[in-house]
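Novice: Could you have a look at this structure, given as structure tokens, before my questions?
The values are calculated or read from the model by the stated rules, or taken from the named source; none is laboratory data. Remember, it's a predicted structure, so these values are computed and weren't measured experimentally. Glycine gets a Cβ as well: all are built from the backbone with ideal geometry, and neighbour counts include every protein chain shown.
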Amino acid sequence: MEALTALRVVRTLFGTAALLGAAVAFSAPPRLVVEAPPALAAYAREVERLDPKAFVPAMELTGLWEPGDVRVLVVPEGSPDARRAPSWAVAYAVPPAGTVVLIPTRTPSWPDDGLPDVIRHEVAHVLTFRAAGGRRVPRWFDEGLAMAAGRERALEDDAREALAVLTGPRLRFAQVDGLFQGGRADASRAYSLSAAFFGDLLARHGPAFPQRVLRRVAGGEPFEEAFRNATGVDFREESGAFWKSRRSLERWLPLLTSTAVVWLAIVLLSAWAVRTVKARRAARLAEWEAEERGALQHEPLEAGLPEDGDDVGPEGDEDGKKVEDPPLVN
């Protein structure tokens, strides 16, 4: 139930972006200051063409309606800035510097679907840092907010969250933060858990809860205290409720029985069946070829030939002695 409500909340954030355009007109959306070498100028132009209303969800979630400028560095693969990021990362933010580093020649992957999603996600990190007054917030909160602000939810998000919750150990969210420092598989699980928990919090406390938390953090309160004062619920109780609800069968039954998942299962089953049939056919053909080669090896070349293969015809030596023919000379 929380996931469906969270989906509606996130869709509301994006669906009302056009209506909030009036608010953007009276405020100041982040201005992207893009820097790129000549070879990457086309990517820089694509970033500059982003609609300012694309940042409205991040502004609403953080409560930062005058976020200021954000510097976007478009860098080539192999540069010092690019080497700071894992090989699978397309971009990263340096919030204290108000900077987003983009490596556009890399292919975006989940949780981002394209260059606009990447930029919205990373700019949201900068806005979160500024809304918190430069004070630290947990990584799961930071990433959950950025994912909610970056794009609308999709079926893949639900599937990934289900796998992250049901197939791995139960973790404290301080441990989830540690997963971001691991390999790609650990980071992917950390993104999924962060998005799931943040989405449930949006469903329970409304889209204004992140800005209330950030405002209190900016005022000097530690995060868990700010969370309790902003929501009225202790953070540990909330995280425990998250794991309890997410690991119940009732929580995932609507997803598992949805039409999309059923069709996905049919497609996967069909692909598995085709692969199995092809493998069996290839094995049968290999068996037939082996049998045929074995039969040819044991079958005589021509009936009536002696075993040594020498053909002694009527013109041969009657005594069985081999007669050497003179060499053929032209």
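Novice: So VAL176 passes all but one of these: (1) closer than 20 Å to ASP117 by Cβ; (2) more than 13 Å from the chain's Cα centre (by Cα); (3) not small (Gly, Ala, Ser). Which condition number does it fail?
Specialist: Here VAL176 meets the rest and fails (1).
Novice: With the requirement that a residue be over 15 Å from ARG139 (Cβ atoms) and either crowded, with 18+ Cβ neighbours inside 10 Å or in contact with a Pro (Cβ under 8 Å, 6 or more places away or on another chain) (or both), what does segment 219-230 give you? Give the steps one after another, and end with the answer.
Specialist: Within segment 219-230, the first condition is being over 15 Å from ARG139 (Cβ atoms), and the residues that meet it are 219-222, 225-226, 228-230.
ALA226, ARG228, ALA230, listed by residue number.
Novice: Has segment 146-160 got any residue that is modelled with pLDDT under 95, part of a loop (DSSP other than H, G, I, E, B), within 19 Å of LEU202 (Cα to Cα) and not charged (D, E, K, R)?
Specialist: Yes.
Novice: ASP142 fails exactly one of the following numbered conditions: (1) out of contact with any His (no Cβ under 8 Å at 6 or more places or on another chain); (2) charged (D, E, K, R); (3) assigned to a helix (DSSP H, G or I). What is the number of that condition?
Specialist: Condition not satisfied by ASP142: (1).
Novice: Does segment 177-206 hold any residues that are hydrophobic (A, V, I, L, M, F, W, C) and not in a loop (DSSP other than H, G, I, E, B), and which are they? Please lay out each step first, then the result.
Specialist: As a first pass, look at segment 177-206 and keep what is hydrophobic (A, V, I, L, M, F, W, C): 179-180, 185, 187, 190, 193, 195-198, 201-203.
Matches in segment 177-206: LEU179, ALA185, ALA187, ALA190, LEU193, ALA195, ALA196, PHE197, PHE198, LEU201, LEU202, ALA203.
Novice: Residues in segment 89-97: is at least one under 22 Å from the mean Cα position of the chain (by Cα), surrounded by fewer than 22 Cβ atoms within 10 Å (Cβ to Cβ) and not β-branched (Val, Ile, Thr)?
Specialist: So far as segment 89-97 goes, yes, one or more of its residues are under 22 Å from the mean Cα position of the chain (by Cα), surrounded by fewer than 22 Cβ atoms within 10 Å (Cβ to Cβ) and not β-branched (Val, Ile, Thr).
Novice: Now a separate question. So how many residues does segment 165-181 have that are under 21 Å from VAL137 (Cβ atoms) and surrounded by 13 or more Cβ atoms within 10 Å (Cβ to Cβ)? Quick ask: steps written out before the conclusion?
Specialist: Going residue by residue through segment 165-181, those that are under 21 Å from VAL137 (Cβ atoms) are 171-181.
Pick out the ones that are also surrounded by 13 or more Cβ atoms within 10 Å (Cβ to Cβ) and you get 171, 173, 175-180.
Residues meeting the conditions: 8.
Novice: Let me ask something else about it. Output the residues belonging to segment 99-133 that are at pLDDT 95 or above, assigned to a loop (DSSP other than H, G, I, E, B) and more than 29 Å from PRO38 (Cβ to Cβ).
Specialist: Residues satisfying the conditions are ALA132, GLY133.
Novice: Additional query: Counting only residues that are under 24 Å from GLY134 (Cα atoms) and part of a helix (DSSP H, G or I), how many does segment 207-250 have?
Specialist: So the count comes out to 20.
Novice: Would you tally the residues in segment 53-88 being surrounded by 14 or more Cβ atoms within 10 Å (Cβ to Cβ), farther than 24 Å from ALA132 by Cβ and among the hydrophobic types (A, V, I, L, M, F, W, C)?
Specialist: 3
Novice: For residues that are within 18 Å of VAL123 (Cα to Cα) and in a helix (DSSP H, G or I), tally how many sit in segment 66-98.
Specialist: Count: 5.
Novice: Could you list all residues from segment 259-299 that are modelled with pLDDT under 70 and surrounded by 10 or more Cβ atoms within 10 Å (Cβ to Cβ)? Steps first, please.
Specialist: The initial filter retains those residues of segment 259-299 that are modelled with pLDDT under 70, namely 259-265, 298-299.
Within segment 259-299, ALA260, VAL261, VAL262, TRP263, LEU264, ALA265 meet the criteria.
Novice: Suppose the filter is assigned to a loop (DSSP other than H, G, I, E, B), touching a helix residue (DSSP H, G or I) at 6+ places or on another chain (Cβ under 8 Å) and modelled with pLDDT under 95; does LEU171 pass it? So that I can check it myself, show each step before the final result.
Specialist: On the way: assigned to a loop (DSSP other than H, G, I, E, B): yes; touching a helix residue (DSSP H, G or I) at 6+ places or on another chain (Cβ under 8 Å): yes; modelled with pLDDT under 95: yes.
Against the criterion (assigned to a loop (DSSP other than H, G, I, E, B), touching a helix residue (DSSP H, G or I) at 6+ places or on another chain (Cβ under 8 Å) and modelled with pLDDT under 95), LEU171 qualifies.
Novice: Looking at (1) among the small types (Gly, Ala, Ser); (2) touching a residue at least 12 places away in the same chain (Cβ under 8 Å); (3) out of contact with any Leu (no Cβ under 6 Å at 6 or more places or on another chain), which one does ALA164 not meet, given that it meets all the others?
Specialist: For ALA164, the exception is condition (3).
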